[in-house]
Amino acid sequence: MNRIHGVIAAAIFAAIASPACADPVFAAFTKVCADTRADFSAVTAAANANGWKKSDSAGDTTMEGVDVSDRLTRASKIGDSEVTLFAWRGMTRKGVQVSACTMHVAKSAFAEVQQDAAAWTGFAAQDAGPTNALYRFSDAPEGRHALAKSDYDTAAAGPGMEILTVSTDGHGAILDLLKIKK
């Protein structure tokens, strides 16, 4: 192999080995919420494994129409930003399983987090505005794919429907992953 081929091979390897998330906020969200698919037990284990501390912060760990059975609140820091993690799981009266994993991050750049969300999902937000972006998807054996409204029930009855919301409250970013499974 000559020097040019070696440099090209090294560049390709570095690109493949590099984390997909440019922003450390989305990287942390991926570890605790996204990679776990908001599964409460997996979120709890990931938070414990990544050094999240128990917190008394009041957070939104409820959803209308869902009887919440388990919830947690944790705190951490990413750089100089305070981060609060909220997770819960429950069931509707009709037996639909619902779980959520939310991170509130002070001093986080919404645009960077939104870009990482699009890269992670592999598609543009279905709904987006200056302060939020919404991604509806399902995981299939071939990977994540965006859902049209007509696909919601089928996805929820199969692998589950996931909704990733990235928003800003003017003080930082809020990342929320909600999973619905019939």
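The values are calculated or read from the model by the stated rules, or taken from the named source; none is laboratory data. What you see is a predicted model, and the numbers here were worked out from it, not measured in a lab. Please note: Cβ atoms are built from the backbone with ideal geometry, for glycine as well, and neighbour counts cover all protein chains shown.
Structural remarks
- Residue under evaluation Arg74, criteria (1) assigned to a loop (DSSP other than H, G, I, E, B); (2) buried (at least 22 other Cβ atoms within 10 Å of the Cβ); (3) of a type in the set (D, E, K, R), criterion not met: (1)
- Residue within segment 133-154 that is acidic (Asp, Glu), closer than 21 Å to Ser41 by Cα and out of contact with any Leu (no Cβ under 6 Å at 6 or more places or on another chain) present: yes
- Condition met for Thr165 (touching a residue at least 12 places away in the same chain (Cβ under 8 Å) and either in a loop (DSSP other than H, G, I, E, B) or under 15 Å from Asp35 (Cα atoms) (or both)): no
- Of all the numbered requirements in (1) modelled with pLDDT of 90 or more; (2) surrounded by 10 or more Cβ atoms within 10 Å (Cβ to Cβ), Val7 misses one, and that requirement is (1).
- Residue that is farthest from Arg37 (Cα to Cα) [pool: residues in segment 129-147 that are of a type in the set (A, V, I, L, M) and at pLDDT 95 or above]: Ala133
- Ser108 vs. criteria assigned to a loop (DSSP other than H, G, I, E, B) and at pLDDT below 95: yes
- Residue in segment 77-92 that is touching a residue at least 12 places away in the same chain (Cβ under 8 Å), outside any strand (DSSP E or B) and surrounded by fewer than 17 Cβ atoms within 10 Å (Cβ to Cβ) present: yes
- Residue check for Thr154: surrounded by fewer than 15 Cβ atoms within 10 Å (Cβ to Cβ) and either of a type in the set (S, T, N, Q) or not in a helix (DSSP H, G or I) (or both): yes
- For segment 48-61, the criterion of a residue being buried (at least 19 other Cβ atoms within 10 Å of the Cβ) and modelled with pLDDT of 95 or more is satisfied by at least one position.
- Members of segment 104-146 that are of a type outside the set (Ser, Thr, Tyr), over 30 Å from Lys77 (Cβ atoms) and crowded, with 19+ Cβ neighbours inside 10 Å: Arg136
- Of all residues in segment 157-170 being in contact with a strand residue (DSSP E or B) (Cβ under 6 Å, 6 or more places away or on another chain) and not polar (S, T, N, Q), the one that is surrounded by the fewest Cβ atoms within 10 Å (Cβ to Cβ): Pro159
- Screening Arg89 against (1) within 20 Å of Thr30 (Cα to Cα); (2) at pLDDT below 95 leaves a single unmet condition, (2).
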